[in-house]
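Chemist: Below is the structure I would like to discuss, written out as structure tokens.
Nothing in this text is a laboratory measurement; each read-out follows from the coordinates by a stated rule. Here the structure is a predicted model, which means the values were calculated and not measured. Ideal geometry is used to build each Cβ from the backbone, glycine not excepted, and the neighbour counts take in all protein chains shown.
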Amino acid sequence: MKRLTLVSLLATAAVGAHANTYLDNARVSSVEPQYESVNVPRQECSSRWVPEVRRQDDRNYGGAVIGGVAGALLGNQIGRGHGREAATAVGALVGAFTGDNVANRGRGWRDEPVEREVTSCRNVNDVQTRIVGYQVGYEYRGQHFVTRMRDNPGPFVQVRVTVDPVGR
């Protein structure tokens, strides 16, 4: 039994030793590009001008300062002792209010129309199609084959041919 196994193993090795591989050219019969769709995100922005109202202080504060100083001087002249300090403070307050009213008669806050630029952005997906390979049909010795290749092979494609003898 061992002898039969050994002979079979040697026969298989002898058949394998006679196998032959070589390269040949096959004629390309068809080439179809294979596509893939890919989402490519991008940002799309637009600007527009928006009307806006801005409050402006149109008041003059110089009258309050001058009135306060004048009132303090007058109040200081009127009082005696600790009353002089109080009279100075009251004179400064009354003078400041009076000076402010005189300087700002008819003035105050006013609304001024202005425009400002507002930019808004949003994300958009662009679908791009790109070639990921080629389905290639080729003919070799009367038989038709189809394979997928990364590049377009042109009119011929190189094939590897292996010849194995068939044992009896």
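Chemist: Quote the relative contact order of the range 71-168 in percent (integer), defining contacts as alpha-carbon pairs under 8 Å separated by 6+ residues.
Modeler: 14
Chemist: Between I78 and T147, with labels modelled 7 Å along Cα→Cβ, what's the label distance in nm to one decimal, could you check?
Modeler: Spacing of the two 7 Å Cα→Cβ label points: 11.2 nm.
Chemist: What do you get for Rg/Rh over the range 59-107 if you use C-alpha atoms and the Kirkwood form of Rh?
Modeler: Expressed as Rg/Rh, it is 1.10.
Chemist: By count of other Cβ within 10 Å, fewest leading, how are T98, T21, T88 ordered?
Modeler: T21, T98, T88
Chemist: How far, in nm, would the chain grow between Y22 and V163 when pulled straight, counting 0.36 nm per residue and subtracting the alpha carbon separation?
Modeler: 49.9 nm
Chemist: Give me the one-decimal nm value for the distance between modelled label points at V65 and S46, 7 Å along each residue's Cα-to-Cβ direction.
Modeler: About 5.0 nm separates the two model spin labels.
Chemist: Counting Lys and Arg as +1 and Asp and Glu as -1, what is the net charge of the other residues whose Cβ lies under 12 Å from the Cβ of P51?
Modeler: Net charge in that neighbourhood comes out at -2.
Chemist: With each label point set 7 Å from Cα along the Cα-Cβ vector, what nm distance links R130 and V90?
Modeler: Rounded to a tenth, the inter-label distance reads 8.8 nm.
Chemist: Restricting attention to the range 32-123, which GluC sites (Glu not before Pro) occupy a DSSP loop and are surrounded by at most 15 other Cβ atoms within 10 Å?
Modeler: Passing sites in the range 32-123 do not exist.
Chemist: Here's another thing I want to ask about it. Exposure proxy check: V136, V50, V94, V38 ranked by fewest other beta carbons within 10 Å?
Modeler: Sorted ascending by nearby Cβ count, the order is V50, V38, V94, V136.
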